[in-house]
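Report on one structure; see the data block that follows.
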Amino acid sequence: MFRIKNRATIFSLSKKAVLGIAASYIVVATVLLLRMKPEPLLIGVDQYGTRVIRDSSDRLVKKERENFLKRFLTLLYNYDSTSFEERVSESGDLMSDALWTEKRDEFAKIASQLKAEDLEQKATVSELRELEETSYQADVALTIRRKLTENKVKLRVDLRLRPNRRNENNPYPFEVERYDEQQAL
């Protein structure tokens with residue numbers, strides 16, 4: 001009788017020891033993973049092959065920056081009276097919080113004006129120049145249609161980018177920190 005009890009006691013103690021070690025391992029592994037803060041690994045695929053992207057001077061990162069700027073400018077300048085608020089909201093997702101706060105009142109004023117008149121504006125990014133790694137200049141050709149009149153305007157837009165974490169609303173690793181527009185001749 002003592003032998004059966006003794007075996008049961010040894011078995012239950014060993015079971016508790018194994019569960020304790022497993023629980024300790026889980027806790028330690030979880031704490032270490034949370035402290036590491038892993039960063040995503042970017043793998044570039046283009047006509048030259050597949051590679052790990054390690055620096056911001058890679059041609060795929062430059063192309064992604066250009067695509068980001070074209071997307072931003074398209075959202076900001078292509079609209080009509082009914083889609084203005086939606087388009088500006090989407091372009092606001094690509095702006096820094098400080099820039100959005102600065103431009104919000106201006107956008108609200110334009111939205112109220114567009115409710116009173118029918119307008120359609122189409123934009124084409126004709127040229128995009130990199131001045132520095134985070135500064136760009138874009139030439140945008142606008143076609144503005146009011147009722148039966150159509151005007152063509154050329155803008156020169158200076159943009160400054162800064163790094164940002166990718167998220168659901170902004171899948172790019174950048175955001176627009178500042179933009180200034182001037183009418184070009």
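Around Asn164, which amide H atoms from residues at least 5 apart in sequence, or from another chain, sit under 5 Å from its own amide H, with H modelled in the peptide plane?
Those qualifying (amide H under 5 Å, at least 5 residues apart or on another chain) are Phe174, Glu175.
Counting Lys and Arg as +1 and Asp and Glu as -1, what is the net charge of the other residues whose Cβ lies under 10 Å from the Cβ of Trp100? The partial results should precede the final answer.
Details: positive: Lys103, Arg104; negative: Asp93, Asp97, Glu102, Glu175.
Value of the local net charge: -2.
So which lysines pass the test for Lys154, namely a Cα distance under 17 Å, with those fewer than 8 places away in the same chain ruled out?
Counting by Cα, and skipping residues close in sequence, Lys154 has these lysines nearby: Lys70, Lys122.
Using only alpha carbon positions, build the gyration tensor of the stretch 55-183, then give the equivalent ellipsoid semi-axes as the square roots of 5 times its eigenvalues, largest first, whole angstrom.
Working: eigenvalues 140, 58, 28 Å².
Output for the stretch 55-183: semi-axes of 26, 17, 12 Å.
With θ taken as phi - 60° and the coefficients 6.51, -1.76 and 1.60, list the Karplus ³J(HN,Hα) couplings across the stretch 166-172 in order, rounded to whole Hz; mark glycine and proline as x.
Along the stretch 166-172, the couplings run 5, 8, 5, 7, 10, x, 8 Hz.
Taking the dipole about the Cα centre of the chain, with the C-beta of Lys and Arg at +1 and of Asp and Glu at -1, give me whichever of Val153, Ala22, Leu131 is farthest to the positive side.
Ala22
Scanning the chain for GluC sites (Glu not before Pro) in DSSP loops with at most 15 other Cβ atoms within 10 Å, what's the longest stretch left with none?
Working: sites that count: Glu117, Glu132, Glu133, Glu168.
The longest uninterrupted stretch comes out as 1-116.
Across the chain, where is the longest run that never hits trypsin sites (Lys or Arg not before Pro) in a DSSP loop with at most 14 other C-beta atoms within 10 Å? Intermediate results must be reported in sequence, preceding the final value.
Working: sites that count: Arg54, Lys147, Arg165, Arg166.
That gives 55-146 as the longest site-free run.
Relative contact order of the stretch 70-185, please, whole-number percent, based on alpha carbon pairs below 8 angstrom and at least 6 residues apart. Don't skip to the answer; put the middle values down first.
Values: 198 pairs, mean separation 25.9, N = 116.
Relative contact order for the stretch 70-185 comes out at 22 percent.
In whole Å, what three semi-axes, largest first, describe the equivalent ellipsoid of the stretch 1-118 built from its Cα gyration tensor (square root of 5 times each eigenvalue)?
Numbers: eigenvalues 725, 122, 31 Å².
Calculated on Cα positions only, the semi-axes equal 60, 25, 12 Å.
Counting other beta carbons within 10 Å of each Cβ, put Val45, Val140 in order, fewest first. Each step should come with its number before you reach the end.
Details: Val45 9, Val140 21.
Listing Val45, Val140 from fewest to most nearby Cβ atoms yields Val45, Val140.
What pairs in Lys62/Lys152; Lys63/Lys109; Lys109/Lys147 have C-alpha atoms more than 28 Å from each other? Working shown, then result.
Numbers: Lys62/Lys152 30 Å; Lys63/Lys109 34 Å; Lys109/Lys147 21 Å.
As for pairs spanning more than 28 Å Cα to Cα, those are Lys62/Lys152; Lys63/Lys109.
Select from the chain the helices, each a whole stretch of DSSP H, whose alpha-carbon atoms run 18 Å or more along the helix axis and whose Kyte-Doolittle mean is at least -0.5; answer none if there are none. Display every interim value, and only then the final one.
On the way: long enough: 2-36 (51 Å, 1.03); 59-77 (27 Å, -0.47); 97-116 (29 Å, -0.70).
Helices passing the filter in the chain: 2-36, 59-77.
Across the stretch 152-157, in residue order, what do the Karplus-derived ³J(HN,Hα) couplings come to in whole Hz, using 6.51 cos²θ - 1.76 cosθ + 1.60 with θ = phi - 60° and x for Gly and Pro?
10, 10, 10, 10, 10, 10
Residues with beta-carbon under 9 Å from that of Val125, excluding Val125: net charge, scoring Lys, Arg +1 and Asp, Glu -1? Walk me through the numbers on the way to the answer.
Details: positive: Lys70; negative: Glu127, Asp139.
Around Val125, the surrounding residues sum to -1.
Just so you know, all these numbers are worked out from the coordinates, no wet-lab data involved. Small disclaimer: the values here were computed from a predicted structure and weren't measured. Note: ideal-geometry Cβ built from the backbone for every residue, glycine included; neighbour counts use all protein chains shown.
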